[in-house]
Amino acid sequence: MKIIKKILRRSEIGVLIPLLILWVITYMANKAFFSSTNMISLFRTVSISLLGAIGATFIFACGMMDLSAGSVYALSGMVAAISMKDLGLSVGVAVLLSLLVGVVIGLINALIVNKFEIPAFIATLGTQYIARGIVNVISEGKTYTGFSESFNAIGGIGFLGIPWSVYIAIIISIIAGFILKNTVYGRSLLAVGGNAETARVCGINIKRVRNIAFLISGILCAMAGLLSTARLSTAQVSAGTGWEMSIIAATIIGGVSMYGGYVTLIGAIIGVTLMETLTISMTMLKVNPYWQKIVIGIIILVAVGIDTYRRKKMSGGN
């Protein structure tokens, strides 16, 4: 009973219960929901979105926001495609260039925010448009397909019939959890998000903490775009459109505070699973795609409202 009570007191239960209810409802409406094919598809999608959500978790932890995630996702995939199809580069080099996209944009975001003291919302909104524009310019609006088997294998099925992206997401989650909970950087990250001025007085290098957070976010979003491109064997200019809002909503729903100072990686994982399940469930239940966008928009508003309420309660406000 003590173990059960301890589990029920965890904040993540408030997200896990709706997820389980959604699973049951969808299964009752369509018995194919729990089929192995559908579950593999679900967790493959979850694993890719989770990479972006982990990046968002680091950004939120220090009180920042990154709206460039979807464009980094698209640009990384397009760079990999052009590197192989137009430039004739090897898969290894294409992968490295794809990840380099995340490094560069992450550092640019950090530079704009820290050096020029432009709010993260505005800075990353700007880089979002710039990166998306670059995708259109370098691709000339074309869709790239027909990649080599060695590249497609990156997004394919791996050991025990489980997609490689799931293994990658698990490894990244474990590393991220360790960093957030057991390292000096993780504690500094939360301190900066909780109260930047107090953190500065305590000797924490605020700019360095934020730089690393933006760098992590950029790399993980680029990795997500790369895995998605390999999975679909397609790179297109519209890839990742609106993706940043989905991972932001999923992260906040999971219990991560968008105002900084508090994170829960388990909650973020559950939040991403809930969002992706919702999308698949609505598709299986044949909900009009336009209504799907309305539902996701409502969820984003609810997520921000819940986080704002939670923050006021924690601060003792009304």
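Taking G88 as the residue in question, decide whether it is free of Cβ contacts under 8 Å to residues at least 60 places away in the same chain, on the phi > 0 side of the Ramachandran plot and either part of a helix (DSSP H, G or I) or not β-branched (V, I, T) (or both).
So G88 passes the test.
I'm trying to understand the selection: among the residues of segment 53-71, which are within 18 Å of L107 (Cβ to Cβ) and of a type outside the set (A, V, I, L, M)?
G55, F58, C62, D66, S68, S71
Can you find, within segment 257-295, the residue that is nearest to L51 (Cα to Cα) among those that are in a loop (DSSP other than H, G, I, E, B) and not hydroxyl-bearing (S, T, Y)?
By that ranking, first place goes to V263.
Return yes or no: is I300 part of a helix (DSSP H, G or I) and within 14 Å of the chain's Cα centre (by Cα)?
Answer is no for this residue.
Please enumerate the residues belonging to segment 258-275 that are of a type in the set (A, V, I, L, M, F, W, C), touching a Lys or Arg at 6+ places or on another chain (Cβ under 9 Å) and open to solvent by 30 Å² or more (accessible area, probe 1.4 Å).
If the condition is that a residue be of a type in the set (A, V, I, L, M, F, W, C), touching a Lys or Arg at 6+ places or on another chain (Cβ under 9 Å) and open to solvent by 30 Å² or more (accessible area, probe 1.4 Å), then M258, I266 are the ones that fit.
Taking the residues in segment 220-236 that are part of a helix (DSSP H, G or I) and open to solvent by 30 Å² or more (accessible area, probe 1.4 Å) as candidates, determine which candidate is farthest from T57 (Cα to Cα).
It comes out as L232.
Yes/no matrix, rows are residues, columns are (1) of a type in the set (A, V, I, L, M, F, W, C); (2) in contact (Cβ under 8 Å) with a residue 12 or more places away in the chain:
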position	(1), (2)
S148	no, yes
I179	yes, no
A196	yes, yes
C202	yes, no
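If I filter segment 276-290 for residues that are closer than 27 Å to I206 by Cβ and open to solvent by 40 Å² or more (accessible area, probe 1.4 Å), do I get at least one hit?
No, that holds for no residue.
Working only within segment 66-95, note down all residues that are hydrophobic (A, V, I, L, M, F, W, C) and within 20 Å of the chain's Cα centre (by Cα).
L67, A69, V72, A74, L75, M78, V79, A80, V95
What residue, of A239, A213, A235, is within 18 Å of M258 (Cα to Cα), in contact (Cβ under 8 Å) with a residue 24 or more places away in the chain and of a type in the set (G, A, S)?
Exactly one of A239, A213, A235 is within 18 Å of M258 (Cα to Cα), in contact (Cβ under 8 Å) with a residue 24 or more places away in the chain and of a type in the set (G, A, S), namely A213.
Looking at G255, is it open to solvent by less than 30 Å² (accessible area, probe 1.4 Å), more than 17 Å from C62 (Cα to Cα), at pLDDT below 95 and not hydrophobic (A, V, I, L, M, F, W, C)?
In short, no.
The values are calculated or read from the model by the stated rules, or taken from the named source; none is laboratory data. Model, not experiment: these values are computed from the prediction. Positions of Cβ are generated from backbone atoms using ideal geometry, with glycine treated the same way; all protein chains shown enter the neighbour counts. Ligands, DNA and RNA are stripped out before the accessible areas are found, and what is left, the full protein with its side chains, is counted by its heavy atoms. Shrake-Rupley method; radii C 1.70, N 1.55, O 1.52, S 1.80 Å.
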